[in-house]
1. Which is farthest toward the positive dipole end of region 52-162 among 85, 122, 110, measuring Cα position about the Cα centre, with Cβ charges +1 (Lys, Arg) and -1 (Asp, Glu)?
2. So if I take the centroid of the Cα atoms in region 90-151 and the same for region 302-335, what is the distance between those two points in Å?
3. For residue 176, what residues show an amide H to amide H distance below 5 Å, using hydrogens built from the backbone and excluding near sequence neighbours?
4. Over the chain, with the other protein chains present, what is the accessible area per residue in square angstrom, probe 1.4 angstrom?
5. Please work out whether region 22-127 counts as rounded, prolate or oblate from its C-alpha gyration tensor, where a ≥ b ≥ c are the square roots of the eigenvalues and a/c under 1.5 means rounded, while otherwise a/b larger than b/c means prolate and anything else oblate?
6. Could you work out the relative contact order of the chain? I mean the mean sequence separation of Cα pairs under 8 Å and 6+ apart, divided by the number of residues, in percent.
7. List the pair-distance distribution P(r) of region 222-298, using every Cα-Cα distance, as the percent of pairs falling in each 5 Å bin from 0 up to the bin containing the longest distance, rounded to whole percents.
8. Would you work out which of 217, 250, 194 lies farthest towards the positive end of the dipole of region 178-285, given +1 charges on the beta-carbon of Lys and Arg and -1 on that of Asp and Glu, about the Cα centre?
Amino acid sequence: MSILVTGGTGYIGSHTCVELINAGYDIIIIDNFYNSNIRVLDRIEKITNIRPKFYEVDILDKDSLDKVFKENDIQAVIHFAGYKAVGESVEKPLAYYHNNVTGSLTLYEVMKEYNCNTLVFSSSATVYGSPKSCPIYEDFPVSTTNPYGSTKLVNEIILEDLCKCDENMSILSLRYFNPIGAHESGLIGEVPNGIPNNLVPYIARVANKQSEYVRVFGNDYPTRDGTGIRDYIHVVDLAKGHIAALKYVLEHKGYDKINLGTGNGYTVLEVIKAYEEACGFELAYEIQGRRSGDIAECYASTKKAKELLDWEAKYDIKKMCQDSWNFTKMNPDGI
Ligand code: NAD
Ligand code: UFG
């Protein structure tokens, strides 16, 4: 019996594959290399001494997916494959709906055909829209402010309906907060496509002398230093959360959604400071206006993850920045 990992050569997928292999799971990765490359497989092998079985497959291609299910006995799927850039989704909403919704539907159809009823889905804290307060609990109202977020919400709705209509199904949507950092080997990590939009990849770029200064988007939020607060989570903690989620879905039927965060919020200036400590030199920054669509603060309640999954994040912001910097230094031009 194997676990199928879609998008398994991507940032979160590759770290999860390492943890799955370390935990003794037999895995199969599929990816179309839209935002990753084959060298990630070499890196996973280097870390774990095991080369995972791999198919270069687009989840939109039903025949190829069918072949993967035909050739393997797939017990459960962890579904990472998708596009993830909020700004780009506003420019190309149809491409986002096609890949993230039609692609996912194609996967769910093939799973159904092969009687594979167990799934862990990559959702996002973006489904909380502008939360009324923090910490954010899973039963808070959901809404979205951009097409990317809508594709996550649509998937959640589809998956909940699938479970309502078939009592054999077992599905968890994991709502990630802000994954950062890298594997401590420095062999895998986040490689942004072009100039990064997210804070920590941008800070890494400044530390790596590829950009002059960090643009701080707004210092007039009602937060302790005026800059935005987010719940940054080490990608290895997040990956371990998937192992806990997988165990859970293999033992429980039905649908549920769970936050994966640390429960702690850091401001933009605090993250820059932590990164300066990690790299050992000062980083220039400039205060700019607010970025449209941003909220003041966003951090998770971790209660449900602790109760249902017996999982909680262990790494602090210092370790997240150290591992990000280590990966950046070791891979200045990506993987
Ligand atoms: P990533 O881009 O690094 O990984 C996604 C992988 O999916 C890539 O390797 C890409 O090549 C592959 N892919 C994309 N479309 C595909 C398709 N049609 N067929 C096959 N493979 C395809 O992204 P990530 O940061 O690892 O994110 C993984 C998942 O988690 C995504 O669904 C993303 O939306 C979600 N998520 C990410 C974050 C974040 O901040 N990184 C936050 C919340 C949720
Ligand atoms: N920020 C800057 N400068 C930058 C980039 C970001 O000041 O160059 C600030 C933002 O204003 C925000 C904080 O840093 O206050 C974090 O911004 P990110 O872009 O890193 O992350 P977001 O919280 O905006 O969004 C991320 C993902 C989304 C996901 C969301 C919730 O990009 O896909 O977390 O999980 F939906």
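The values are calculated or read from the model by the stated rules, or taken from the named source; none is laboratory data. Quantities reported herein were computed from a predicted structural model and do not represent experimental measurements. Methodologically, a virtual Cβ is constructed for each residue, glycine included, from the backbone with ideal geometry; neighbour enumeration extends over all protein chains shown. The protein model used for the area step is the full one, side chains on, heavy atoms only, and it has no ligands, DNA or RNA in it. Shrake-Rupley method; radii C 1.70, N 1.55, O 1.52, S 1.80 Å.
1. After comparing all options, I get 85.
2. Region 90-151 and region 302-335 have Cα centres spaced 23 Å from each other.
3. Amide H to amide H, under 5 Å and 5 or more residues apart or across chains, residue 176 pairs with 123, 124, 125, 260.
4. Roughly 44 Å² per residue, with all protein chains present.
5. It comes out oblate by the Cα gyration axes.
6. Relative contact order of the chain: 19 percent.
7. 3, 12, 17, 17, 16, 13, 9, 7, 5, 2, 0
8. Of the listed residues, the answer is 250.
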